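Asker: If you scroll down you'll find the structure; I have some questions about it.
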Amino acid sequence: MPTASVLESDAGESGTALDHLLGAFLGAVPDATGIVVASESGKPIASKLPAERIQLIPATALAKLVAWAGEAVAANLQLSGMLAVTIDGPAWKVIVAPTPSHAAVVLVTLEKPSDAPRVQRALPGLLRAVDRSLGGRTTQ
């Protein structure tokens, strides 16, 4: 069962709103087993992860790097509109996606088998909502 955590340094109205958004996303997309929001610098802001997955700082720093690398690879291949980077493991999957304003990165964990397309359909709305929650910096 996922547990919620909003980091103390970032707690407040936006933390509460993010916590609600993450819970709503997990409720609407049952294939997702956890979710984390990281700041533009890779610092964890809010999460709902199973208790055994608590190494947020390394995970969010690397998630920011993964999102940047995915965008760079897509740009170098002359592909526009990269939404997310998917990392597959033997029994798990992780989707990392930047918000439209790049104010944050969202990391979603899944266990295989899962319906990744369902998560990917729900992700754009979540990314826009996270942007709004972080101060209204959003683009369409």
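The values are calculated or read from the model by the stated rules, or taken from the named source; none is laboratory data. What you see is a predicted model; the values in this text were computed from it and never measured. For neighbour counting, all protein chains shown are included, and Cβ atoms are generated from backbone atoms with ideal geometry for every residue, glycine included. We work out accessible area using only protein heavy atoms, side chains counted, and drop any ligands, DNA or RNA first. Shrake-Rupley method; radii C 1.70, N 1.55, O 1.52, S 1.80 Å.
Asker: Would you pick out the residues in segment 15-32 that are under 12 Å from the mean Cα position of the chain (by Cα) and either under 15 Å from Val105 (Cα atoms) or in contact (Cβ under 8 Å) with a residue 60 or more places away in the chain (or both)?
Answerer: Here is the first cut: in segment 15-32, the residues under 12 Å from the mean Cα position of the chain (by Cα) are 18, 21-22, 25-26, 32.
If the condition is that a residue be under 12 Å from the mean Cα position of the chain (by Cα) and either under 15 Å from Val105 (Cα atoms) or in contact (Cβ under 8 Å) with a residue 60 or more places away in the chain (or both), then Leu18, Leu21, Leu22, Phe25, Ala32 are the ones that fit.
Asker: Check Thr86 against each of (1) under 14 Å from Leu26 (Cα atoms); (2) in contact with a Lys or Arg (Cβ under 7 Å, 6 or more places away or on another chain); (3) among the polar types (S, T, N, Q) and name the one condition it does not meet.
Answerer: All conditions are met except number (1).
Asker: Continuing with this model, one more query. Among the residues of segment 91-116, what is the count of those that are more than 15 Å from Ile35 (Cβ to Cβ), of a type outside the set (A, V, I, L, M, F, W, C) and in contact (Cβ under 8 Å) with a residue 12 or more places away in the chain? Give the steps one after another, and end with the answer.
Answerer: Taking segment 91-116 and keeping what is more than 15 Å from Ile35 (Cβ to Cβ), we get 91, 100-103, 112-113, 115.
So of that shortlist, the ones also of a type outside the set (A, V, I, L, M, F, W, C) come out as 100-102, 112-113, 115.
Next cut, in contact (Cβ under 8 Å) with a residue 12 or more places away in the chain only: 100-102, 112, 115.
Matching residues across segment 91-116 total 5.
Asker: Something else now. Please state which of the following conditions Leu65 fails to meet, knowing it meets all the rest: (1) more than 20 Å from Asp131 (Cα to Cα); (2) among the aliphatic types (A, V, I, L, M); (3) out of contact with any Pro (no Cβ under 9 Å at 6 or more places or on another chain); (4) open to solvent by 70 Å² or more (accessible area, probe 1.4 Å).
Answerer: (1)
Here is a yes/no grid of residues against (1) charged (D, E, K, R); (2) under 18 Å from Arg128 (Cα atoms):
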position: Asp19; (1), (2): yes, yes
position: Gly23; (1), (2): no, yes
position: Leu26; (1), (2): no, yes
position: Val36; (1), (2): no, yes
position: Pro50; (1), (2): no, no
position: Ala61; (1), (2): no, no
position: Gly70; (1), (2): no, no
position: Pro98; (1), (2): no, yes
position: Val105; (1), (2): no, yes
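Asker: Among the residues of segment 30-40, are any touching a helix residue (DSSP H, G or I) at 6+ places or on another chain (Cβ under 8 Å), surrounded by fewer than 23 Cβ atoms within 10 Å (Cβ to Cβ) and in a loop (DSSP other than H, G, I, E, B)?
Answerer: yes
Asker: May I pose another question? Exactly one of (1) part of a strand (DSSP E or B); (2) at pLDDT 85 or above is unmet by Pro90. Its number?
Answerer: Failed condition: (1).
Asker: Same structure again: Take the conditions buried (at least 18 other Cβ atoms within 10 Å of the Cβ) and either free of Cβ contacts under 8 Å to residues at least 60 places away in the same chain or assigned to a helix (DSSP H, G or I) (or both) and apply them to Leu126. Does it pass?
Answerer: Working: buried (at least 18 other Cβ atoms within 10 Å of the Cβ): yes; either free of Cβ contacts under 8 Å to residues at least 60 places away in the same chain or assigned to a helix (DSSP H, G or I) (or both): yes.
In short, yes.
Asker: Tell me, please, whether a residue that is buried (at least 16 other Cβ atoms within 10 Å of the Cβ), touching a strand residue (DSSP E or B) at 6+ places or on another chain (Cβ under 8 Å) and not in a loop (DSSP other than H, G, I, E, B) can be found in segment 133-140.
Answerer: Here is the first cut: in segment 133-140, the ones buried (at least 16 other Cβ atoms within 10 Å of the Cβ) are 133-134, 138.
From what is left, the residues that are touching a strand residue (DSSP E or B) at 6+ places or on another chain (Cβ under 8 Å) are 134.
Those still in the list that are not in a loop (DSSP other than H, G, I, E, B) too: none.
Checking segment 133-140: not a single residue is buried (at least 16 other Cβ atoms within 10 Å of the Cβ), touching a strand residue (DSSP E or B) at 6+ places or on another chain (Cβ under 8 Å) and not in a loop (DSSP other than H, G, I, E, B).
Asker: Just need a number here: residues in segment 1-29 that are under 21 Å from Trp92 (Cα atoms), surrounded by fewer than 20 Cβ atoms within 10 Å (Cβ to Cβ) and at pLDDT 85 or above.
Answerer: 4
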